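To keep things clear, I will list the structure first and then write my remarks on it.
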Amino acid sequence: MKLIDLLKVLKTRFILNSPYQLLHLITSKCNCKCDICNLWKRSSEYKNDLTTKEIIEMLNDAKKAGIVFYSVLGGEPLLRDDLKVILKYAKEIGMTTAVVTNGYNLKEKCREIYPFIDLLVVSIDSNDDLHDEMRRCKGLREKAIEGIKECKKSKMKITINSIINNRNLSKIDGLVNLARELKVNISFQPMDNIRGYNEHLQPSYGELQAAFKKIIEYKKKDFPVINSFEYLKIFSERKKYTCYAPRCFINVEANGDISSCLHVYNKKWGNTRSSSMKDIFQSKEYRIYCKNVKNCNECNVACVIESSLLYVLNPKILIEKAFSYRSTI
């Protein structure tokens, strides 16, 4: 994290008293049918996705509410033809931007969008054919790697993100070596359990603990693992954390629905087509909600836990985040 970004977080934390990050599921469309994620099942809903104009209005509203980071997810963000326009506008109003992609169209889209991206996150769960099998998209891994190589020419900050499940527990070595070979960072997080969909892919606690102990050892050996030690120890040592997710970020779904949590406490606060984020954040109901979810430890999402650790100004996290992007990038 750049020092200027850290200062923005502190300003939002202490002065504006509002979340600092907007996670935007920018489209319902997806070109994969992942075993670990079921959002692709909503692809047919894309006709109700926010329009370009509506997203720009949402970004203005978010800016007024104190949001400083804009992270674009999906579905698959690169399937939107207006992504460049949206990211460009976010940068123009002073937001730090990130895009999370499966990488299938990355090589073709890179030159179009790279000037407006501060961080690119590419999902790769195994450095072999297993990745394509799990995502049910032939050629995906190869295309993602080609896209990363193309984006590297622009000096863009890039992170590979890998979701740990019981099918790729033995693939960690290949993944960290891929990140080192490509000279990019890599992050890991356990798969979130989606009831009725992916429980069969959930590793046992012992398997998860062993996997994260291995990841810690790679980080100690100076492999480009971007997760903080504090985050990794939550899974290697079964440590508890206090969830400050709703004080750190807000989710906006493709249709404009606003929520604070996508998995456990999935409360809807309204829709960006008719609701003000600032009014939501300043409401008594929102403050009560923030208190009620503090003891929830069911989420595995790295940004949720890392943000929660950062929110309480954990000194170890502050130091790691200040120096988190390596010279290899």
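Across region 44-60, the qualifying residues are those that are under 26 Å from Y20 (Cβ atoms) and among the acidic types (D, E), and the one among them that is most open to solvent (accessible area, probe 1.4 Å) is E57. Of all residues in region 89-135, which are among the acidic types (D, E), part of a loop (DSSP other than H, G, I, E, B) and out of contact with any strand residue (DSSP E or B) (no Cβ under 7 Å at 6 or more places or on another chain)? Scanning region 89-135 gives D128, D129.
The residue that is most open to solvent (accessible area, probe 1.4 Å), counting only those in region 233-255 that are in contact (Cβ under 8 Å) with a residue 24 or more places away in the chain and in a helix (DSSP H, G or I), is R247.
Of the residues making up region 61-70, none is surrounded by fewer than 24 Cβ atoms within 10 Å (Cβ to Cβ) and under 30 Å from N198 (Cβ atoms). Restricting attention to region 235-250, the residues that are more than 18 Å from the chain's Cα centre (by Cα) and either under 18 Å from V312 (Cβ atoms) or acidic (D, E) (or both) add up to 5.
In the set (1) of a type outside the set (A, V, I, L, M, F, W, C); (2) under 16 Å from N185 (Cα atoms); (3) open to solvent by less than 10 Å² (accessible area, probe 1.4 Å), the condition left unmet by H131 is number (2). Pairs meeting the criteria (first residue in region 308-329 and more than 22 Å from K294 (Cα to Cα) and surrounded by fewer than 13 Cβ atoms within 10 Å (Cβ to Cβ), second residue of a type outside the set (S, T, Y) and at pLDDT 75 or above, beta carbons under 9 Å, at least 6 apart or on different chains) are T328/R180; T328/K183; T328/V184; T328/N185; T328/P224. Across region 213-225, the number of residues qualifying as in contact with a Phe, Trp or Tyr (Cβ under 8 Å, 6 or more places away or on another chain) and either open to solvent by 20 Å² or more (accessible area, probe 1.4 Å) or in a helix (DSSP H, G or I) (or both) comes to 3. Determine if region 187-194 includes at least one residue that is out of contact with any helix residue (DSSP H, G or I) (no Cβ under 7 Å at 6 or more places or on another chain) and either open to solvent by less than 60 Å² (accessible area, probe 1.4 Å) or hydrophobic (A, V, I, L, M, F, W, C) (or both). Within region 187-194, one or more residues are out of contact with any helix residue (DSSP H, G or I) (no Cβ under 7 Å at 6 or more places or on another chain) and either open to solvent by less than 60 Å² (accessible area, probe 1.4 Å) or hydrophobic (A, V, I, L, M, F, W, C) (or both). Please tell me if Y265 is farther than 19 Å from L318 by Cα, open to solvent by 50 Å² or more (accessible area, probe 1.4 Å) and at pLDDT below 90. Yes: the conditions hold for Y265.
The values are calculated or read from the model by the stated rules, or taken from the named source; none is laboratory data. Computed from a predicted model, the values in this text were never measured in an experiment. So basically every Cβ, Gly included, is an ideal-geometry build from the backbone, and we count neighbours across all protein chains shown. Just the protein is used for accessible areas: all its heavy atoms, side chains included, with ligands, DNA and RNA removed. Shrake-Rupley method; radii C 1.70, N 1.55, O 1.52, S 1.80 Å.
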